[in-house]
Every structure is written in C-alpha cells, then in structure tokens.
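Here the structure comes first, spelled out in structure tokens, and everything after it is commentary.
The values are calculated or read from the model by the stated rules, or taken from the named source; none is laboratory data. Keep in mind the model is a prediction, meaning the values are calculated, not measured. Cβ placement follows ideal geometry from the backbone for every residue including glycine, while neighbour counts extend to all protein chains displayed. These area figures cover heavy atoms from the full protein model, side chains too; ligands, DNA and RNA do not enter into them. Shrake-Rupley method; radii C 1.70, N 1.55, O 1.52, S 1.80 Å.
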Amino acid sequence: LQKNFEEQIGVLRQQLEKATQDSGDHTKIPTNGLTPSQIYSKNIQSVVAVNCMVRVTQDNGKVQEGINAGSGFVLTKDGYIVTNYHVVEGSSAIAITFADGRQLPAGYIGGDAIHDIALLKVEANNLQPVTVGFSSALKVGDQVVAIGNALGELSFSLTVGYVSGTDRAIATDGSITNMIQTDASINSGNSGGPLFNGRGEVVGITTAKYSGMSSSGASIEGIGFALPIDDVIGMLQDLRQYGYITGAYMGIMVQDVDPDAAEMYGFPVGAYVRETTPGYAAQKAGLRAKDIITNVGGYDITCMSDLTRVLRNFKAGDETTVVVWRGGKWLVLNIVFDEKPHN
C-alpha cells in the first residue's frame with residue numbers, strides 16, 4: 001500500500017518535472033495557465049468539506065458537543081484526504097462532504113500539531129485526486145486560487161489572489177512555521193483546503209490569516225497563509241505508512257538571525273539556536289543555545305526556513321555534520337538525527 005501511495009505521488013510529480021525539464025530546474029512555471037474558473041472546474045471534485053464532532057467545555061464547566069468545520073482535498077484515488085491538524089484535533093467523529101453532496105465518515109490516520117497537517121481516510125475508490133505541484137516554483141506576484149468551506153457554511157467557495165511572499169516565518173502556538181503569504185481571502189472554515197497555482201496544481205494548504213488591528217491601530221486586511229506543499233508531502237507519506245512523522249529531528253528551537261545585527265557585530269546569518277531539548281540529537285551532538293547554524297550536511301543555512309527545507313533531505317538515523325558559529329569560532333559537529341517524538 002505504501003509503495004502504491006508513493007507511486008501515485010511520484011507519477012504526479014514526474015509529470016511536473018517533465019514539463020519544466022527544459023528550464024534545468026523548477027524555478028520556472030510554464031505559461032499555459034488556467035483561468036480561475038477552469039481551475040475550479042478541474043478540481044472541485046477533489047475538494048472536500050470536513051466537519052468534526054467535538055466536545056466543548058463551557059465556562060460553567062458543562063461539556064457540550066459542537067461542530068468544528070474545515071476543508072480538505074483528495075490526495076489519492078483510494079480515499080486519503082489531507083486537512084489541518086487543528087481542524088480535526090479532539091474530534092470524536094469526522095464527516096467528509098464532496099461537491100456532489102456525498103457524505104462519508106472518515107477515519108483519522110495521523111497528524112502533526114507542529115506542522116498542522118492531518119491525514120484522513122474514507123472508504124471509497126476511484127476518487128479524483130488533486131495534482132501536486134511544487135511550492136518552490138512560486139514567485140511573488142503569481143496568481144493563486146483557494147477553494148474551501150468558507151465559514152463552515154459557504155461550501156466550495158473560490159477566492160483568487162496573488163503570492164504576497166514566500167518563506168514567511170510565522171509563529172503559531174509557540175512554534176515557527178514556514179508559510180506562503182497570499183492575499184486570497186482565507187476565512188474560518190478554509191483551514192486545510194488547497195491553494196492552487198495557475199496550472200491548477202496544489203502548492204499549499206491554507207492554514208491561517210491575520211485579522212483585526214496591528215499594534216499601531218491599523219486594520220489588517222488581505223494577509224493569509226498556506227503551508228508549502230513541498231514542506232509536507234514527505235510527512236504525509238510518513239503519516240500514510242506509520243501514522244506519525246519519522247523525518248529527521250534535531251530537538252532544537254531556532255529563530256532567524258537579524259541581518260543588520262549580524263553585519264554590525266560581525267557574526268554570520270543562519271539559524272540561531274534558542275534552546276536544545278535534553279536527550280535529543282542536537283544536544284547529544286554538542287549544540288548549545290546561542291549557537292548559529294550555518295550549514296547542515298553540506299547545505300548552507302541562512303535562516304530557519306533553510307533549516308526546515310534541508311531537514312527534508314534526511315531521515316531518522318542519518319548521520320551528517322553541522323557547522324556552527326559559537327562565540328567567534330567555527331565548529332564542525334557530528335550529528336545523528338532522531339525520529340520525531342510521537343504519541
């Protein structure tokens with residue numbers, strides 16, 4: 001089953017690789033794009049509404065059942081569905097609704113709260129899966145389309161916008177996550193739905209938006225975020241096979257180095273280590289708080305997003321080197337990656 005799953009994803013991505021071979025890399029998006037209407041028609045059977053039965057504790061201590069609504073999309077024709085972890089967290093029952101009105105119960109395969117992804121399964125065959133694109137090919141100004149269960153009531157709504165930024169380091173629940181920024185409207189209920197590029201390929205999972213007022217009192221409009229599909233496709237494969245993510249884990253909290261401060265004080269940019277988790281790979285390798293990671297396994301690290309991407313090239317048990325700047329000196333440390341903790 002795992003081989004079949006990987007083959008389905010592999011075929012979809014090989015088709016994209018072939019379309020961009022002439023460029024020598026994946027940085028150019030072919031120009032034969034689709035209109036938003038065409039993208040909608042092509043993918044509407046692959047987008048789903050996700051409704052979860054959850055228990056909510058009221059202020060008076062009473063527990064009541066409620067509905068948590070989100071969105072998702074079909075990853076494989078044999079019924080694997082992708083959504084956000086926060087959509088299904090704590091649910092006692094999950095129902096998937098398709099655009100044609102069909103409703104099927106879904107089982108929870110696995111998820112990850114830090115990366116906010118979850119994989120579900122419905123008992124169905126010959127579903128229409130999405131085509132998986134390359135989020136790394138996105139450029140600021142590219143048009144993108146979101147389809148989802150807006151507000152939990154306006155099912156299968158389409159919004160159109162542009163890529164406002166890439167590699168945004170966004171703090172969610174105390175963790176820093178790499179995100180695509182878009183001005184396509186992302187509303188409550190859109191969480192877990194697909195973000196499509198101009199070819200109708202999924203390049204992100206819509207996750208969050210900024211709203212309200214800034215610290216200066218200015219109104220915040222048109223700032224939404226999506227998880228880059230490149231960052232999570234391998235994790236989804238792990239969830240399919242194991243029910244949890246097995247990818248390389250260092251056990252550190254990091255943040256970006258301020259470029260202006262680096263230039264002023266003469267230290268490098270990279271991933272600044274805020275803390276290490278006792279007993280895990282980073283601490284066992286000798287990394288410490290205040291180290292600046294500049295290279296992992298031969299891959300240069302200039303920011304925390306680089307580190308996130310680089311770790312996708314490794315699995316638990318892999319051994320490599322980490323180059324760090326510590327107190328004015330360069331150090332090369334050997335590290336053996338751990339498996340990400342799971343319950």
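What is the distance, in nm, between label points placed 7 Å from the Cα along the Cα-to-Cβ direction at residue 125 and at residue 92?
It is 3.4 nm.
What is segment 100-189's relative contact order, in percent, from Cα pairs under 8 angstrom and six or more apart in sequence? Don't skip to the end; give the middle numbers.
Details: 131 pairs, mean separation 19.2, N = 90.
Over segment 100-189, the number comes to 21 percent.
Please list, in chain and number order, the residues 5+ apart from residue 223 or on another chain whose amide H is under 5 Å from its amide H, with Hs placed from the backbone.
Under 5 Å from the amide H of residue 223 lie the amide H atoms of 210, each far enough along the sequence or on another chain.
Anything over 31 Å Cα to Cα? Flag those among 139/329; 77/340; 139/315; 139/290, in the order listed.
Working: 139/329 36 Å; 77/340 29 Å; 139/315 29 Å; 139/290 33 Å.
Going by Cα-Cα distance, 139/329; 139/290 fall outside the 31 Å limit.
Tell me, what % of the accessible area of segment 280-338 is carbon and sulfur with a 1.4 angstrom probe?
Percent of accessible area from carbon and sulfur atoms in segment 280-338: 49.
Would you mind computing, in nm to one decimal, how far apart the modelled labels at residue 162 and residue 258 are, each placed 7 Å from Cα along Cα→Cβ?
The two pseudo-label positions are separated by 3.1 nm.
Please list, in order along segment 261-278, the HN-Hα scalar couplings obtained from phi with the Karplus expression 6.51 cos²θ - 1.76 cosθ + 1.60 (θ = phi - 60°), rounded to whole Hz, x for Gly and Pro.
In residue order, the calculated couplings are 5, 4, 5, 5, 9, x, 10, x, 7, x, 9, 7, 7, 7, 6, 10, 8, x Hz.
Considering only protein heavy atoms and a 1.4 Å probe, what is the carbon-and-sulfur percentage of the accessible area of segment 56-113? It would help to have the intermediate numbers written out before the result.
Values: 1300 of 2790 Å².
For segment 56-113, the apolar C and S fraction of the accessible surface comes to 47 percent.
Between residue 283 and residue 139, take the C-beta separation as r, use R0 = 25 Å, and let me know the FRET efficiency to the nearest 0.05.
Values: r = 38 Å, r/R0 = 1.53.
It comes to 0.05.
Quick one: Karplus J couplings for segment 196-201, per residue in order, coefficients 6.51, -1.76, 1.60, θ = phi - 60°, nearest Hz, x for Gly and Pro?
Karplus values, whole Hz, x for Gly and Pro: 9, 7, x, 9, x, 9.
Below 8 Å between Cα atoms, with a sequence gap of 6+, how large is the relative contact order for segment 224-315 in percent? All intermediate terms of the calculation are to be shown ahead of the outcome.
Working: 125 pairs, mean separation 25.8, N = 92.
Worked out over segment 224-315, it gives 28 percent.
Could you order the peptides 55-67, 143-155 from most to least packed, using the average number of other C-beta atoms within 10 Å per residue?
On the way: 55-67: 8.6, 143-155: 21.5.
Top to bottom by mean Cβ count within 10 Å: 143-155, 55-67.
Based on the Cβ-Cβ distance of residue 315 and residue 56, what FRET efficiency does E = 1/(1 + (r/R0)^6) give at R0 = 56 Å, to the nearest 0.05?
FRET efficiency, residue 315 to residue 56: 0.90.
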